[in-house]
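Structure, as structure tokens:
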Amino acid sequence: MSRAADDTEAADNSQLIEDFGLRIGGAMGWPPMAGRLAGILMLSPAPMTLSQLQQALGASKGSASEMTRLLMTNGTVDRVKMPGVRQAVYEWRDDAWGGCLQHQLDQTKQLLELAETAQERGSRLPRIQQTRLREMGAYYGFMVQQLQRLLDEYRRQLRAGEQ
């Protein structure tokens, strides 16, 4: 590939990574830097060290580290140890979107638990507050069921596509 083609590809990836920063970052409630980091790792042909990510982002080590932790928590990135490499590396998970959906399901289950506990502890509250707590429980119960159904269906579709 010629240098001009390399420069064009780098410019295209640069704009794409900025799009990730704005769109995925914004939609997921992440800082734009986390969205850019997601784009970098998704497009990277190989895992990257924190130093490489820091350089690609033009960010401090602390910021790059914080963003990788955020993406790991959200189920899209793994930290792995590669043979012959002293530093841990970060890679986009093969099942990143399923991991992201699993994270949303786990968070929603925590909120359902809160709603159930609140209903028990709020049993002596006035009727209006009890109604609000029941509605909260109904909402999160519904969301847990639907997110679990979506996750199961998503995984089934992925398995069917692999065959």
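The figures follow:
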{"read-out": "D94 vs. criteria out of contact with any Phe, Trp or Tyr (no Cβ under 8 Å at 6 or more places or on another chain) and in a helix (DSSP H, G or I)", "value": "no"}
{"read-out": "Boolean, E135 is under 24 Å from T73 (Cα atoms) and modelled with pLDDT of 95 or more", "value": "no"}
{"read-out": "Residue selected from the stretch 62-109 under the condition within 14 Å of Q148 (Cα to Cα) and without any contact (Cβ under 8 Å) to a residue 24 or more places away in the chain, by the criterion least open to solvent (accessible area, probe 1.4 Å)", "value": "D106"}
{"read-out": "Residue list for the stretch 40-61, restricted to those being open to solvent by less than 20 Å² (accessible area, probe 1.4 Å) and farther than 14 Å from E91 by Cβ", "value": "A59"}
{"read-out": "Identity of the residue in the stretch 146-163, polar (S, T, N, Q) and closer than 17 Å to C100 by Cβ, that ends up surrounded by the fewest Cβ atoms within 10 Å (Cβ to Cβ)", "value": "Q157"}
{"read-out": "Residue match in the stretch 103-110 (condition: within 30 Å of S51 (Cβ to Cβ) and outside any helix (DSSP H, G or I))", "value": "no"}
{"read-out": "Matching residues, the stretch 110-132, being among the aliphatic types (A, V, I, L, M), more than 24 Å from T73 (Cβ to Cβ) and surrounded by 13 or more Cβ atoms within 10 Å (Cβ to Cβ)", "value": "A118, L125"}
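The values are calculated or read from the model by the stated rules, or taken from the named source; none is laboratory data. Keep in mind it's a predicted model, so treat the numbers as computed, not measured. Ideal geometry is used to build each Cβ from the backbone, glycine not excepted, and the neighbour counts take in all protein chains shown. SASA here: full protein model, heavy atoms, side chains in, ligands and nucleic acids out. Shrake-Rupley method; radii C 1.70, N 1.55, O 1.52, S 1.80 Å.
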